[in-house]
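The values are calculated or read from the model by the stated rules, or taken from the named source; none is laboratory data. Because the structure is predicted, anything quoted here is derived from the model rather than measured. Virtual Cβ from ideal backbone geometry, glycine too; neighbours counted across all protein chains shown. We work out accessible area using only protein heavy atoms, side chains counted, and drop any ligands, DNA or RNA first. Shrake-Rupley method; radii C 1.70, N 1.55, O 1.52, S 1.80 Å.
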Amino acid sequence: VAENASSSYIVGYSSSKFSTGSSTALDNCSKSDEVLPILVCMRNSTYQFRATVWPLTNGVPGNPISLGVLGERTGDNDNPQNYYSYGFAINDNGIVAGQSIYLDGDTNRLVATIFDVSTGKPIKAITKTNSDISSSIANGINNNNLVVGQTSYPASYSTYRFFIYNYN
């Protein structure tokens, strides 16, 4: 929860809609000659998740603000189940620390990401992944815009490393 003189927010993530595969499964289920209970048809359903903030007014959550993902694609090659983001912390400046998909060539990578509540969009990936770093996550942010998180190095003895990033 972030509170300042002008606004208060709760941060997290929410399911935004079915993945493409789940929508297709539901359509196929309803077109089938065999009548199956909806729970059987949808048992392997997946959803798209988005970093989300909820403004608070007198302690009551308002309409959610979805913060999007990095590198989101659309069109024939779109596979929305692979595009998601999570919000884990927010500061009084409306900057959210979290994680998102980053499209690196043809490879989707999980990267520590900061988002801006005022625009409802990701600002940037604050760490890049490569052959040495398989993923990263931003776990927290303070009111001085210092972000803390961890990176994963799969080839090293100690697989996780702590980082601090100054957004200023």
Under 5 Å, built H, 5+ apart or other chain: amide partners of Ala89: Ala97
Karplus 3J(HN,Hα) series, Hz, for segment 54-69 with 6.51 cos²θ - 1.76 cosθ + 1.60 (x for Gly, Pro): 10, x, 10, 10, 6, x, 9, x, x, 5, x, 10, 7, 9, x, 9
Label-point separation in nm, Ile164 to Asn58, each point 7 Å along Cα→Cβ: 4.2
Label point distance in nm, Ile10-Asp92, each placed 7 Å from Cα along Cα→Cβ: 2.2
FRET efficiency, Tyr153 to Lys124 (Cβ-Cβ, R0 30 Å, nearest 0.05): 0.90
Long-range HN-HN contacts of Val69 with modeled amide H, under 5 Å: none
In Å², nearest 10: area of Thr159 left accessible to a 1.4 Å probe: 50
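Could you calculate the contour length gain from Cys29 to Asn144, that is, 0.36 nm times the residue separation minus the distance between their Cα atoms, to one decimal place in nm?
On the way: separation 115, 0.36 × 115 = 41.40 nm, distance 5.15 nm.
Answer, rounded to one decimal: 36.3 nm.
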